[in-house]
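Peer 1: Input: one structure, supplied below.
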């Protein structure tokens, strides 16, 4: 697909974007993750016993102080939930995730409560289906919205 930059647009290399985040020039960092805990802990670089290329820069990025948003599939390849009471994989960062976005919903990590709140729900999902796919409990927003596409 062809993409055309409009006036005011900018683009740059991954190493420049990492430098901008590390240098605290960005307010938001968006990352993928293998697991996220209800308290905002994040694991995204290592599966014990599996050969991986390395941790990359995620540990630096989550330590930058920017707002961390995780986007990921709700379940792993084996059908297990990736949103858990506690991460079982080695942590990339503790209490760093503020928002989780999956195909099933958008969750806010509630500060100081070790809990989540479902803010938006995916198309075709119910609160019950999201609960069944999530390994930890969560609150539901009074004004629960349908996820925008």
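Each reported figure results from applying straightforward, stated rules to the coordinates on display, with no laboratory input. All figures in this text were calculated on a predicted structure; none of them were measured in a lab. All Cβ positions, even for glycine, are placed from backbone atoms using ideal geometry, and neighbour counts span all protein chains on display.
Peer 1: Round to the nearest 0.05 the FRET efficiency obtained for residue 144 and residue 5 when R0 = 30 Å and r is the Cβ-Cβ distance.
Peer 2: Rounded to the nearest 0.05, the efficiency is 0.25.
Peer 1: Please rank 99, 92, 4, 126, fewest neighbouring Cβ atoms within 10 Å first, as an exposure proxy.
Peer 2: Working: 99 19, 92 27, 4 5, 126 11.
The most exposed by this proxy come first: 4, 126, 99, 92.
Peer 1: Taking the chain as a Gaussian network, where each spring joins two C-alpha atoms under 10 Å apart, which residue of 114, 44, 80 fluctuates the most?
Peer 2: Sorting by GNM fluctuation, first place goes to 80.
Peer 1: For the chain, what is the relative contact order in percent, using Cα pairs closer than 8 Å and at least 6 residues apart in sequence? Don't jump to the answer; show the numbers that get you there.
Peer 2: Working: 286 pairs, mean separation 33.1, N = 149.
Taking the mean separation of contacting Cα pairs over the length of the chain, I get 22 percent.
Peer 1: List the extent of the Cα atoms of the chain along each of their three principal axes, largest first, rounded to whole Å.
Peer 2: 42, 41, 34
Peer 1: Another one. Calculate for the chain the 222 nm mean residue ellipticity that helices alone would give, adding -39,500 (n - 2.57) per DSSP H run of length 4 or more and normalising by residue count, nearest 500 deg cm²/dmol.
Peer 2: -3500 deg cm²/dmol
Peer 1: While we're here: Please arrange 104, 82 by counting, for each residue, the other beta carbons lying within 10 Å of its beta carbon, fewest first.
Peer 2: In order of increasing Cβ crowding within 10 Å: 82, 104.
Peer 1: Let me ask something else about it. Between the stretch 65-85 and the stretch 122-149, how far is it from one alpha carbon centroid to the other, in angstrom?
Peer 2: Measuring centre to centre over Cα atoms gives 14 Å.
Peer 1: How would you rank 96, 28, going from fewest to most other Cβ atoms within 10 Å of each one's own Cβ?
Peer 2: Values: 96 26, 28 11.
By the 10 Å Cβ count, ascending: 28, 96.
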